1. Please state the shape class of the range 28-242: rounded when a/c is under 1.5, otherwise prolate if a/b exceeds b/c and oblate if not, all from the C-alpha gyration tensor.
2. Given the peptides 205-212, 37-44, 223-230, arrange them by the average over their residues of other C-beta atoms within 10 Å, most packed first.
3. Taking the Cα centre of each part, how many Å lie between the range 121-157 and the range 49-85?
4. Can you give the angle from 0 to 90° between the axis of helix 2-22 and the longest principal axis of the chain, with both taken from C-alpha atoms, to the nearest 10?
5. I want to verify a result. In a Gaussian network model of the chain, Cα cutoff 10 Å, which of these has the top mean-square fluctuation: 99, 66, 198?
6. What order, most packed first, do the peptides 140-153, 100-113, 49-62 have when packing is the mean number of other Cβ atoms within 10 Å of each residue?
7. Looking only at the range 28-242, where both bridge partners belong to it, what percent of the DSSP beta bridges are antiparallel (to the nearest 5)?
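What follows draws every value from the coordinates through simple rules; no lab data is involved. Treat the numbers as computed from the prediction; the structure is a model and nothing was measured. Glycine gets a Cβ as well: all are built from the backbone with ideal geometry, and neighbour counts include every protein chain shown.
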């Protein structure tokens, strides 16, 4: 009889444990967010990014939260609950009470998706752009895309060395191409191209940085061909963020 009672108690504890495991709460729905300042007006200054009127962080020109973005830099995503959010940027990085919003919009973030929000401008007319980022690697190729944030550059396309990348063509201001898989290379010649009024092909920007298999890259064309204030730090350039 005693053994029967012990067996019964053990079985009851096992069932209770299984029920407890089955009732454990599911993981919360989360998105991944990165914020990049692509506005040359903030060279040497900062803009505060707000999410639902709460300070998310401060970004100077060409910063994504992981410092200045050079020829290539790593991503800096943070967790955020899914849903609809009000995103805004300010005219300065002073205390919020003294800062004024320069642009604001509503953005939707979905579960397990990666997003980058960009501040951009054209001679003081500010706007917000956001992209969903690819973090699904190709094991034998690199994935690249081009985001165009240069107001006076016109439509551009991309060559790697002499090879025309068919998926990155006719990309205009405020637009982003899709990701294109390309061969991995240690030191490729990445050239942003355009055609002049005579239809002659010209190189706008040339950079070189490693393209690794299994990586996803966003190349950002930024700055002005001819800055209105003549500041050479605002001239056209190419930065790259490694999304994954």
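1. Numbers: a/c = 2.03, a/b = 1.25, b/c = 1.62.
Here the range 28-242 falls in the oblate category.
2. Values: 205-212: 16.6, 37-44: 22.1, 223-230: 14.2.
Going by the mean number of other Cβ atoms within 10 Å, highest first, we get 37-44, 205-212, 223-230.
3. 15
4. 20
5. Comparing 99, 66, 198 in a Gaussian network model of the chain, the most mobile one is 198.
6. Details: 140-153: 21.7, 100-113: 14.0, 49-62: 17.4.
In decreasing order of mean packing, 140-153, 100-113, 49-62 become 140-153, 49-62, 100-113.
7. Rounded to the nearest five, the antiparallel share is 75 percent.
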